[in-house]
Amino acid sequence: MSTTQAHEQTRILVQAAAAACESKKGEDTRILELDPADSGLSDFFLITSANNDRQAVAIADEIEHRLKHDFNVMPNSIEGRRHGDWILLDYVDFVAHVFLTERRAFYDIERLRKSARPLTPSQFDAELKEALAAKTRAARGKTAATPQKRAAKAAPVKKTATRSAPKKATPRKTTPQKSTKKTTRP
């Protein structure tokens, strides 16, 4: 898998995780596209807030369930589920952070990652759709060019050769098979 395909697959996973956050009423969901030169660990951070620890656990469970069910992807590690004030789901290519509102304000990850490009889920969806549409247009452009080449190659060529009489089928010779029977010596 090429790096662009892997990056697109990661974007699709992040999009599904953001949808899971929204379905469980996660607040102020943000996606940080990390600078590759600055962060070699992952490509994206998904950050969302919850009003209480039960909601935070429910959001984390929904992210985990959706990615496992829809994409057969499990997190590499999960931290903070027991306390519920900051739950971290590490999927290697992206990390999902589910905070209580006051913990998110305290740690302020968005400020720590100044080189990251912040996106809302709707902006992220629009970029992903545009990238997939461009890929589709490029693929269709290649297939449109291919029939034209085939048509040029398959241009009819007049032959002046005469037809020859059909050949008679010759019977095949059969060879006797060796016996596999063992003989015993007296």
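Every number in this text was worked out from the coordinates using simple rules, so none of it is lab data. Treat the numbers as computed from the prediction; the structure is a model and nothing was measured. Neighbour counts are summed over all protein chains in view; Cβ atoms, including those assigned to glycine, are modelled from backbone coordinates with ideal geometry.
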Answer residue from the stretch 10-31, given it is surrounded by 15 or more Cβ atoms within 10 Å (Cβ to Cβ) and polar (S, T, N, Q) and is farthest from Glu102 (Cα to Cα) among those: Thr10
What are the pairs with Cβ atoms under 7 angstrom where one residue, in the stretch 126-139, is within 14 Å of Ile12 (Cβ to Cβ) and the other, located anywhere, is part of a helix (DSSP H, G or I) and of a type in the set (Asp, Glu)? Sequence gap at least six, or different chains. Ala131/Glu8
Subset of the stretch 14-48 [within 17 Å of the chain's Cα centre (by Cα) and more than 19 Å from Val92 (Cβ to Cβ)]: Ala19
Can we say Ile109 is among the β-branched types (Val, Ile, Thr) and closer than 18 Å to Ala20 by Cβ? no
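Can you confirm whether the stretch 32-41 contains a residue that is in a strand (DSSP E or B) and crowded, with 18+ Cβ neighbours inside 10 Å? If you could, list the steps in order and put the result at the bottom.
Going through the stretch 32-41, the residues in a strand (DSSP E or B) turn out to be 32-33.
Checking the rest, the ones that are also crowded, with 18+ Cβ neighbours inside 10 Å come to 32-33.
Yes, the stretch 32-41 has at least one match.
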Just for the stretch 54-98: of the residues that are surrounded by 14 or more Cβ atoms within 10 Å (Cβ to Cβ) and small (Gly, Ala, Ser), which one is nearest to the chain's Cα centre (by Cα)? Ala96
Which ones in the stretch 38-73 are over 14 Å from Ile87 (Cβ atoms), in contact (Cβ under 8 Å) with a residue 60 or more places away in the chain and not acidic (Asp, Glu)? Ser39, Val73
Suppose we filter the stretch 42-67 for residues that are farther than 21 Å from Leu128 by Cα and either in a helix (DSSP H, G or I) or among the polar types (S, T, N, Q) (or both); how many remain? 15
Does any residue in the stretch 74-99 that is farther than 15 Å from Glu62 by Cα come within less than 6 Å, Cβ to Cβ, of a residue that is among the hydrophobic types (A, V, I, L, M, F, W, C) and not in a loop (DSSP other than H, G, I, E, B) six or more places away or on a different chain, and which pairs are these? Glu79/Leu88; Gly80/Trp86; Gly80/Ile87; Gly80/Leu88; Asp85/Leu100; Trp86/Phe99; Phe94/Val14; Phe94/Phe44
